[in-house]
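Below is one structure; the comments refer to it alone.
The values are calculated or read from the model by the stated rules, or taken from the named source; none is laboratory data. All values reported here derive from a predicted model rather than from experimental measurement. All Cβ positions, even for glycine, are placed from backbone atoms using ideal geometry, and neighbour counts span all protein chains on display.
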Amino acid sequence: LFFYYAHYNILGLTYHLKSHFPAIFRLYEILHQRSEPPTSKEIEIASGKKALDPKSVHAYLSKLERASKDIQKALENQAAKAVGPWDQSQFEGLLVEWIVACNQPFEEVERPEFKELLTYTHHPASTLHIPGHTTITQQVIQMSEGARETLRQVFAVRT
């Protein structure tokens, strides 16, 4: 029960900081997201033992924000590199395979819920183009023709 109320007290305090003291709230956010503990100077500032003039506050917060943005940008770049460049044809191929393997109707790709799901999870580097059921139908036919040819070759070897 104690932890329940402590959690909501912290939420209330952070909301109060955000609403009434945006500079202090930004400092709190930056310090809260860091992996290393705050320095003694930062603790003195946060506890009110050391007052900073407005110019120093601005310089300090700017420095912290730049560092935070640099880290965030590095993480975004790392994530983009890990995913690789967007390839629409690969996406459509995977989509067709999913439809066939899961016995989904071709129109499934046009359902708003499906589009919302893919849009939400989409690669950050480009806009998502989800092909319609006609395109999916054509791709399934092309895929089946390739499979049919493979089967012909397999059976031709046996005879």
Scan of region 41-67 for residues that are loosely packed, with under 10 Cβ neighbours inside 10 Å and polar (S, T, N, Q), ordered by number: SER47
Filter result (within 27 Å of the chain's Cα centre (by Cα) and touching a residue at least 24 places away in the same chain (Cβ under 8 Å)) within region 32-62: GLN33, LEU61
Would you kindly identify the helices (runs of 4 or more DSSP H) lying entirely within region 1-113 that contain at least 1 residues that are modelled with pLDDT of 75 or more and farther than 30 Å from GLY146 by Cα? 2-20, 22-33, 40-47, 54-83
